[in-house]
Amino acid sequence: MCGLAGFSQVSTPPKGGVGALKVMGRLIAHRGPDGSGYWMSPSGTVGFVHRRLSIIDLTQAASQPMVAGPLSIAYNGEVYNHTELRAALAGGWNFRSRSDTECILAAYDRYGDSCLDHLRGMFAFALWDERRQRLFCARDRFGIKPFYYALVDGVLYFASEAKALLPFLPEIDTDASALAEYMTFQYTIGDQTLFRGVKQLLPGHALAVENGELKIWRYWDVCYEVDYDHSPRYFRNRLEELLADSVSMHLRADVPVGAYISGGVDSSLMAILAAKQSPENRLGFNGRFTDFPGYDESHYAHAAAERAGMDLHVVDITAADFRNHIRDVIYHLDFPVAGPGSFPQFMVSKLAAKHLKVVLGGQGGDEIFGGYARYLLAYLEQCIKAAVDGTYRNGNYVVTIESIVPNLGLLREYKPLMKEFWRHGLFDGLDDRYLRLVDRSTDMAEEVDWSCLEREKVVDDFKSIFNSRANVRKEAYFDSMTHFDFKCLLPALLHVEDRMSMAHGLESRVPLLDHPLVEFAATIPADLKFEGGQMKHLLKTAYADVLPSEIVGRRDKMGFPVPLKEWFGGELRDFVVDTFQHVREKHRPYINADAVLKNFDQAGRFSRKTWGLLSLELWHQSFHDKADAYRALLADDGLHNDEKVPLA
């Protein structure tokens, strides 16, 4: 786990040389506290900088950027099958380290671009092939590790975090298209970011610069080719085999490995399975809110830790913590994304980093196995429609109205969502109905100037992904919903997972996102994953004897809820109002500050409106209002100043 950045000539020689690399390295220094280095090609047209967090092969032999003959690489991540790769490639490569970094170089030397098919893990890298005068970059299949780039005056700049690219932009400005996506979902669904001119390399994609041409392509995708030939027992057994193998792979490290334990099924399962395989890794971490009822799930985390035989460290998170750290959260995120869970994640990561360098997490389970309450709500509506129309048997429904009734208690906490969902009618197309469930903008008509944003394009792009028959071959509502969340929401959650851990020099691993496991899960019939409307049915039944019964049977998991309504109406009210006053003073584009202040008290307990708009303003303050400071980093005095960047 590390941070990388660099530049490459596309049509114009880069300016700044080593000095520019140093500036980029300073902006991502938190990602790698164990070492740093930079490299430039003999011609000076390509340069890499790297910050190291030592996890595998702690010696200097594994330092980066790594150079081996005509190949050079800067890499961030973990290739878990490096041991097997090294054995397969040893005959044609003289290994000088035990690192997974060198395995990527050896795999590229043997297989070329197809080396990506042989990598199992999380990764983003930039590789220079001096023989071909070619830059080759790639990002892992799920977007666990980040990769951003900007093409400025014929030079490609790239980095693990977008902030490292800001000094090279002509101006720091907001991308209106990305903002429209953010206002709708609180994350973006394409390759654009909120910084105009900065793009992300999408998950499962690669990039190359050769002969003055920039080329981007997809090398991996998930397809729901459903397997109707096997029994439920087969799917349970195969799931257990693949997940055990994934956990084993994710425990490979030359340092201790701990676990986040939220108290939900996914993180609890990862911690328990890891403890079974690796008795020496016995630290778990949890965060809780105890000032208000309904926000403390730590008793479930204690149950999981007890089952795993782990020592659980718990941090009590307060309103004062929010006031003191929310600007740090937004700075490290680069731009607001994916809801208020980033704040407690920051606090728990801070706690974990005091004890070790690597933790396991449970990201991916909701998207792969169906863990969101909105799936149940969407199916409830469609079951009612099918019962009225008599269309149960047309293949689109995996549950019946009779079977779903026992699980409707799961929706108890979602009555406000249900009221809003049905306020605008019933029984429209499946894509329109699911958009209504994931749309976070329904209560922001006055606060946002939608006339300046391309709302229609957002809807079109959503429907293109949701209705994709390239991925979901048959009309299965459950697969379409989980596929959209897998392709769009999950990368946003992984963005949070990466930034909040790396803010503290901590590596977060996600065993549920192992591509053999994900490819297998895409073949499981939806009625096994979602039988009777029971979320994560297959996962829960497969591990019913492994997980504590109170976790398997719980109906109130909320996904790290934060008492924002209580804080913003009480202890943090002045902080929030003062922040929104800043919106008015600065005349922020697209935002009606008077409406924000007028409607502040009307947001419901689980409304994301206040959080989304507050985060947006803090983002403007952290980056737009400091544009001159970012440009100054490239001044002569900035190039030679190795002090900490005073921008956070």
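The values are calculated or read from the model by the stated rules, or taken from the named source; none is laboratory data. Computed from a predicted model, the values in this text were never measured in an experiment. Glycine gets a Cβ as well: all are built from the backbone with ideal geometry, and neighbour counts include every protein chain shown.
For the range 41-57, residues that are surrounded by fewer than 19 Cβ atoms within 10 Å (Cβ to Cβ) and either more than 27 Å from the chain's Cα centre (by Cα) or without any contact (Cβ under 8 Å) to a residue 60 or more places away in the chain (or both) total 4. Just checking, does the range 533-545 include any residue being in the same structural domain as Leu242 (by TED's automatic domain parsing), in a helix (DSSP H, G or I), surrounded by 15 or more Cβ atoms within 10 Å (Cβ to Cβ) and at pLDDT below 85? Yes - at least one qualifying residue is present in the range 533-545. Of all positions in the range 321-338, at least one carries a residue that is of a type in the set (Ser, Thr, Tyr) and closer than 27 Å to Leu616 by Cα.
Considering only residues of the range 509-554 that are among the small types (Gly, Ala, Ser) and without any contact (Cβ under 8 Å) to a residue 40 or more places away in the chain, which is nearest to Glu78 (Cα to Cα)?
Going residue by residue through the range 509-554, those that are among the small types (Gly, Ala, Ser) are 521-522, 526, 532-533, 542, 544, 549, 553.
Filter again for without any contact (Cβ under 8 Å) to a residue 40 or more places away in the chain, leaving 544, 549, 553.
Numbers: Ala544: 31, Ser549: 34, Gly553: 34 Å.
Going through the qualifying residues, I end up with Ala544.
Looking across the range 19-75, just one residue is modelled with pLDDT under 95, assigned to a strand (DSSP E or B) and in contact with an Asp or Glu (Cβ under 7 Å, 6 or more places away or on another chain), and that is Arg52. Within the bounds of the range 314-324, is there any residue that is farther than 30 Å from Gln534 by Cα and hydroxyl-bearing (Ser, Thr, Tyr)? Yes, there is a match, as at least one residue in the range 314-324 is farther than 30 Å from Gln534 by Cα and hydroxyl-bearing (Ser, Thr, Tyr).
Looking across the range 212-235, the residues that are farther than 28 Å from Asp173 by Cα and in contact (Cβ under 8 Å) with a residue 60 or more places away in the chain come down to Tyr219, Trp220, Asp221, Val222, Cys223, Tyr224, Glu225, Val226, Asp227, Tyr228, Pro232, Phe235.
Among what's in the range 23-40 and is surrounded by 20 or more Cβ atoms within 10 Å (Cβ to Cβ) and of a type in the set (D, E, K, R), pick the residue that is farthest from the chain's Cα centre (by Cα). Checked the range 23-40; the qualifying residue farthest from the chain's Cα centre (by Cα) is Arg26.
Kindly state which helices (runs of 4 or more DSSP H) lie completely within the range 471-530 and contain at least 3 residues that are of a type in the set (A, V, I, L, M, F, W, C) and under 16 Å from the mean Cα position of the chain (by Cα). Break it down stepwise before answering.
Details: elements: 477-484, 490-502, 515-521, 526-529.
Filter on the range 471-530 gives 490-502.
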